[in-house]
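These notes are about the structure you will find just below.
Laboratory data are not the source of any read-out in this text; all were calculated from the coordinates shown. No experiment lies behind these values; they were computed from the predicted model shown.
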Amino acid sequence: MKPNTDERYLDALRLSPGTIRGLADTMCVTATAVRTHLLRLIAAGKVERVVERHGRGRPRYLYKLTDAASGTDSEDRHDAG
């Protein structure tokens with residue numbers, strides 16, 4: 001069974017946080033398609049956007065899984081101990 005598109009994005013972000021351009025290259029789709037999927041995953045609470053600043057110029061935005069989506073929710077860690 002082929003995983004659905006959202007699952008593919010989540011799998012890619014499990015490996016490491018990604019940028020719009022990086023995910024577009026990985027998924028072989030347009031940046032607009034990536035933004036559409038990421039907005040849906042952000043609304044679902046599975047992905048968050050993190051701002052990386054490097055001096056002057058535009059900030060870089062990285063997208064990564066939320067703790068809940070990655071299975072590292074802090075409540076889970078407290079229950080295990």
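Two decimals is fine: what is log10 I(q)/I(0) at q = 0.19, 0.25, 0.27 Å⁻¹ for region 5-80, from a Debye sum with one equal scatterer on every Cα and no solvent? With no solvent term, the Cα-only Debye profile gives -0.79, -1.15, -1.27.
Note that region 9-21 has calculated 3J(HN,Hα) couplings of 5, 4, 4, 5, 6, 5, 5, 5, x, x, 9, 4, 4 Hz, one per residue in order, obtained from phi through the Karplus relation 6.51 cos²θ - 1.76 cosθ + 1.60 (θ = phi - 60°); glycine and proline are x.
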